[in-house]
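The next block holds one structure in the form of structure tokens; read it before the comments.
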Amino acid sequence: MNEVIRAILERRSVRSYDGRIPEDDKVETILECGKFAPSAMNRQPWHFTVIRDRELMDRISAANKKMLIESGDERSVAMASEEGFDNFRGAPMAIVVSGDESNYYGMSDCAGAVENMALAAHSLGLANLYIASFMRALVLEENAELLAELGLPKGYKPHFALCLGYSKEELGERAPRKEGSVNYIG
Ligand SMILES: Cc1cc2nc3c(=O)[nH]c(=O)nc-3n(C[C@H](O)[C@H](O)[C@H](O)COP(=O)(O)O)c2cc1C
């Protein structure tokens, strides 16, 4: 099987990490792959923030935990109340991908960049997890100072992040893919 197809079919979401920080050269290659994702009119409306500061990741998770608990929604409260709640699932680092809010395709272009990076990370032997939940609290006015710590260009908003590290998880069976999601015409 060719390497690209192998990476696509083998990539898994990993939610438990052993704490080892990915090597700089691997991170640089992953970022390069993100930047080479397709984008509408080649506008490249993304910004990548490499966070290797677990303390900042903990504060982002704490803000999300607070928001979920305050929402009063039963499932959100239960999830946020779980011991060790962490949007980044214990990963030692993450790359936040933020989009230009004035670009109509900003979010979809960022999504493509994250998937490119996830596949690159997998092919380099790194465990990874594509997440979005971390950003919900970051866009609240009360967390403006926390958002400012990301150092985003003006007019950019965080959409997704890719958690990176080395797995300490025994992955079970893959969830089956949905049936009937393809039709053919002609
Ligand atoms: C846009 C997006 C947001 C996601 N957000 C989260 C998240 O916040 N937390 C999480 O644990 N997984 C998150 N995931 C991972 C999905 O749960 C995962 O891709 C899905 O269950 C399929 O599993 P697989 O990636 O191992 O094939 C997200 C995936 C996508 C594409």
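Taking R0 as 35 Å, what FRET efficiency do you get between residue 62 and residue 29 from their Cβ-Cβ distance, rounded to the nearest 0.05?
0.65
222 nm [θ] for the chain, helices only, -39500 (n - 2.57) per DSSP H run of 4+, per residue, to 500?
-11500 deg cm²/dmol
Using the C-alpha gyration tensor of the chain, what are the square roots of 5 times its eigenvalues, in whole angstrom, with the largest one first?
On the way: eigenvalues 130, 92, 72 Å².
Listed largest to smallest, the semi-axes of the chain are 26, 21, 19 Å.
In percent, what relative contact order does segment 123-164 have, based on Cα pairs under 8 Å that are 6 or more apart in sequence?
63
With the contact rule set at Cα under 8 Å and sequence spacing of 6 or more, what percent relative contact order holds for segment 97-186?
Numbers: 86 pairs, mean separation 35.7, N = 90.
Normalised by residue count, the contact order of segment 97-186 is 40 percent.
To make sure I understand, if each residue's beta carbon is the centre and we count other beta carbons within 10 Å, what order do 81, 76 fall in, fewest to most?
On the way: 81 11, 76 17.
The fewest-first ordering by Cβ neighbours comes to 81, 76.
DSSP loop (so not H, G, I, E, B), at most 15 other Cβ within 10 Å: list which GluC sites (Glu not before Pro) in segment 1-73 pass both filters.
23
Could you pull out the pairs from 66/157; 26/168; 65/168; 35/66; 35/154; 35/157 whose alpha carbons sit more than 27 Å apart here? All intermediate terms of the calculation are to be shown ahead of the outcome.
Values: 66/157 20 Å; 26/168 19 Å; 65/168 24 Å; 35/66 33 Å; 35/154 19 Å; 35/157 17 Å.
35/66, as the Cα separations exceed 27 Å there.
Coordinate-derived values only; no laboratory data. All values derive from a computational prediction rather than experimental measurement. No Cβ is skipped: glycine too gets one built from the backbone with ideal geometry, and neighbour counts run over all protein chains shown.
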